[in-house]
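Participant: One structure, as structure tokens, below. Some questions next.
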Amino acid sequence: MKSLVSIYKSPKRDEMYLYVNYSHKKGASLEQIIPESLMKAFGKPSHVFDLLLTPAKKLARVDTASVLEGLANNGYYLQMPPADSQGQEDDYTIRLPDEFLSFNDPI
């Protein structure tokens, strides 16, 4: 099975991408294919490129079969950032202990 997909980048997280198959719902817009809650978490999508995806095509960070399955079932596939970058915090971020986060909360 091959599929023509559009790939979008998230402005909220590096290396988070949406693969969208518009032929899943003919004539549908991106907002009609992607659930509203996912669109809020993903942010305003930025189109990166279009790709003819086949089972023989190798992708850098995800399994092609998983992407094709998600496209066939939902019309989209969400590629999350690699696990090693999810736990990283920015250099300027200060992590406070939990007791400080609730110190002034009303009882």
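Just so you know, all these numbers are worked out from the coordinates, no wet-lab data involved. Keep in mind it's a predicted model, so treat the numbers as computed, not measured.
Participant: What ³J(HN,Hα) values, in whole Hz, does the Karplus curve 6.51 cos²θ - 1.76 cosθ + 1.60 give for the stretch 6-14 when θ = phi - 60°, with x put for Gly and Pro?
Facilitator: Those phi angles translate into 9, 10, 10, 9, 7, x, 8, 9, 5 Hz.
Participant: Could you give the semi-axes, largest first, of the ellipsoid that matches the stretch 10-87, computed as the square roots of 5 times the alpha carbon gyration tensor eigenvalues and rounded to whole Å?
Facilitator: 19, 18, 10
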